[in-house]
Structures are given as structure tokens and as C-alpha cells.
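Encoded as C-alpha cells, the structure appears first; notes follow it.
Rule-based calculations on the coordinates, nothing more; no lab input. The shown structure was predicted, so the numbers you read here are calculated from the model rather than taken from an experiment. Cβ placement follows ideal geometry from the backbone for every residue including glycine, while neighbour counts extend to all protein chains displayed.
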């Protein structure tokens, strides 16, 4: 449905400008000034995208080693679909049936920009049904990425699944105030733990990570310590992240 797709493009771009969507026939927003349409090479299939990401990250950060290259590639592949899924469920309250066909674009060391075609949207269903329907498409997409990444760079499925669980929680935390605003309008209460478990079930993700979501005793706000490390500290200019498990240990505070 055209209306839902247009609203998804608008909302995503408003939240994060580089989360920039288009239909396959459109000129990409980030390159509008170039007054040209994108070539097929700009929207590679998963095999070419993963290979290109690996080469780019390897050349930019040779000092970090293969574990960083594959972990960084995985995070870049997954971040846009995660944001789009959460926007669809919690803002549009409608989900596309073709999320597994999304095309993503590499810009330098980043993946930003995506293509999605008009398709059937599910909008007359329960909240759980929306998550299940969209989650099944996401699961198919992430499984295809995971299989190709393992074929090209190695790594174990359990690592990629744990990384994805952490990334999903962090994205939900980032969008929490926005999601809560939407829920207040519909008189619902957003329970992050319960929502994560719904997604984890359909995405076949480990749920242990949610135990690391705590209430910070100083700020009284949510605090999350990842169970996986992104290895950013291995970069020449890198440092430990605020949620790094190597420098933080979850405190025995009340879990959200």
C-alpha cells in the first residue's frame, strides 16, 4: 500500500536522515544533487554487499583483525531492517509482507539507504500478529545474511544471534521514548522486556540478554550492558563503548 510505504520513508528519514528509503524507480534522496538514477551496482545483492563491506572495512582498519571485520559487517547489515521493523509495528501499526526483499546500499564504511517496493501490508491484526508477520520476514532476511557472512568470513551462528539480540535491545532503548509516545496515544503501556521477548521468539534469538537490562541507581533510567563486544576498541582510534561487557558488569538492580 502506497500510503504506508510513503509514511515509513518519511518517519524513518525524520528519525535518522541517512535511514533514507526509496522505491526502485526513484532517485536516491542522498544523491539527488547528482541528478542521476542509481545503477544496479548501487544496490547489490547480499553476496556482493557483504564482500564489498569486508573489503572496505578490512582496508580501513587492518589492525583490528577478522573478528572485528565480521562483527562490524553484521551490525551494518542489520541496523536498517531493525529500525524499519520497529517503526512499522509501533508507529504505523502496519507491516509489509516483503521486508525480506529489501535492498541496502553501502556508502563508504556505512550501510545507509534502502529500497523497498510497494506490496501488501498487514494492518488489521493484533499487535502480536504484526510482530509475528514482520518478524518472519526479518528472520528470513537475517538468515540469508548470516549464511552468506559465514560463507565469506566465518563465524558461528550463536555469535551472530547474540549480537543481533544486543542490537535489537539497544535499538528498542533508543526508540523507547518515541514508542512510549505512540503507546500513550493508544492508551497502551510499553513493556520493553515483554516486547523484546515477542521479537526474540519469532527471530529465534537468545533471551539471556534481556537480563542485562537494568535500572541505573543514579539516573533511575534504563541501563543496558551488552553480552557481546563490538570490538571497536581494536581500532586505532577506538575505545570501549559505554555498554561494553569488558568494562561493565550488570548490577543486581531491578530488571525493567
Margin query: Based on alpha-carbon centroids, what's the gap between the range 68-117 and the range 148-163 in Å, whole number please?
Written below: 18
Check: By how many nm would the segment from residue 193 to residue 3 grow when fully extended, if each residue of separation counts as 0.36 nm and the alpha-carbon distance is taken off?
Finding: 65.3 nm
Next item on the list: Report the calculated FRET efficiency for residue 215 and residue 237 (r = Cβ-Cβ distance, R0 = 35 Å), to the nearest 0.05.
Entry: 0.60
Check: So between residue 18 and residue 158, what do we pick up on full extension, going 0.36 nm a residue minus the alpha carbon distance?
Finding: 47.4 nm
Item checked: Among beta bridges that DSSP assigns inside the range 2-207, antiparallel share in %, nearest 5 -> 75
Note to self: If Rh is defined by the Kirkwood formula over all Cα pairs and Rg also comes from Cα, what ratio Rg/Rh do you get for the chain?
What the structure shows: 0.96
